[in-house]
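Chemist: Pasting a structure here, questions to come.
Read the figures in this text as sums done on the coordinates, not as results from a lab. Only a predicted model underlies this, so the values are computations on that prediction, with no experimental measurement involved. Cβ atoms come from the backbone with ideal geometry, glycine included; neighbour counts cover every protein chain shown.
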C-alpha cells in the first residue's frame with residue numbers, strides 16, 4: 001500500500017508539473033528574469049501548491065498518525081545556519097544557470113531529451129558528493 | 001478576468017503539486033521534498049527506499065500521463081549549453097543536499113508550514129537564481 005500511495009503521489013506531482021508549464025526551463029528562467037519579459041507563471045504555481053499543501057498540513061495536525069505509517073516524520077529543525085544558507089545559495093545559482101530544479105529535471109526524463117539526462121546525471125553526482133562533506137558539528141557530537 | 005486566463009494551468013498544476021504533497025503527508029507522513037527523496041535513493045537501501053523509488057517512478061510518469069490526456073507532450077526547451085548544464089546540475093545536486101531542500105521541500109512544503117528555515121532558504125535561492133539569470137541575460 002505504501003508503494004502504491006507513493007507512486008500515486010509522484011504521478012500527481014509529475015502531472016501537476018507538466019500542467020503548470022514548469023517542466024520547461026525556459027518558462028522558469030522567464031520568471032527569474034525580472035529585468036526581461038517577466039513571466040509570472042511560477043508565482044501562480046507556487047501559490048496554488050503552498051495553499052493546498054498548507055490545507056493538508058493543517059489536516060495532518062488533527063490526526064494522531066498518517067494512514068499508512070506509524071508516525072508523521074516532518075522536519076522540525078528551526079536552525080538557520082551556514083549550511084542552509086550556503087546550500088540554498090549554491091542551489092539557486094545552478095537553478096538560474098539551467099532553469100531546472102530537481103523535480104522538473106527528474107520528471108522530464110520520460111520525454112527523452114539528452115540534455116535532461118545529462119543534467120540529472122550531474123545532479124546525482126553532486127548529491128553523491130555531498131556525502132563526503134563532514135557532518136554538521138552538532139550532529140557529529142550528538 | 002481575461003488577463004489571468006493564461007495562468008489557470010499554472011495555478012491548477014500548482015494545486016496538484018500541493019495535492020501530491022498532501023497525499024504523501026496524510027498517507028505516509030512524509031514531506032514531498034524531491035531532492036531529499038532522490039538523494040536518499042543513492043544511499044544503502046533501508047525500509048524507506050521502496051516508497052522513495054515508487055515516488056520517483058510516478059514523478060517520471062507524470063509527463064506521460066499529460067501526453068496521454070492531451071495528445072501532445074508538455075513543452076520543454078533546454079536552452080543552456082552542455083557544459084552549463086553539467087555545472088548547474090552539480091550545483092543543484094550538492095546545494096540541495098547541503099541546504100536540505102529545494103523548490104518542493106523548502107518552497108512548497110516548508111512555506112506551507114511557515115517554517116522559518118524554509119522561508120530563509122527560499123529567499124536565498126530565489127535571490128541567487130535571480131542574480132544568476134540577470135548576469136547571464138543582461139551582463140554577459
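Chemist: When chain A is treated as a GNM, springs tying every alpha-carbon pair under 10 Å, which of A:112, A:16, A:103 comes out with the largest mean-square fluctuation?
Modeler: A:112
Chemist: Choose one answer from B:36, B:107, B:89: the residue with the largest mean-square fluctuation in a GNM of chain B with alpha-carbon springs under 10 Å.
Modeler: Most flexible of the set in this elastic network: B:89.
Chemist: Let me ask something else about it. Please give the calculated 222 nm ellipticity per residue for chain A, where each DSSP H segment of at least 4 residues contributes -39500 (n - 2.57) and the sum is spread over every residue; nearest 500 deg cm²/dmol?
Modeler: Value at 222 nm, helices only: -20500 deg cm²/dmol.
Chemist: Do me a favour and compute the ellipsoid semi-axes for chain B from its Cα gyration tensor, root of five times each eigenvalue, largest one first, whole Å. Display every interim value, and only then the final one.
Modeler: Details: eigenvalues 121, 100, 68 Å².
Ellipsoid semi-axes (Å, largest first): 25, 22, 18.
Chemist: Looking only at A:47, A:98, A:129, which one moves most when chain A is put into a Gaussian network model with springs between Cα atoms under 10 Å?
Modeler: Evaluated over chain A, the most mobile residue of the options is A:129.
Chemist: With label points built 7 Å along Cα→Cβ from the Cα atoms of residue B:12 and residue B:40, find their separation and express it in nm.
Modeler: With each label placed 7 Å out from Cα toward Cβ, I get 3.3 nm.
Chemist: Between residue B:114 and residue B:82, what is the FRET efficiency for a Förster distance of 35 Å, r being their Cβ-Cβ separation, to the nearest 0.05?
Modeler: Here the calculated transfer efficiency is 0.30.
Chemist: Spin-label point model (7 Å from Cα, Cβ direction): what's the residue B:68 to residue A:68 distance in nm?
Modeler: About 1.7 nm, to one decimal.
Chemist: Can I ask one more? Going by how many other Cβ atoms sit within 10 Å of their own, how do B:140, A:50 line up, fewest first?
Modeler: B:140, A:50
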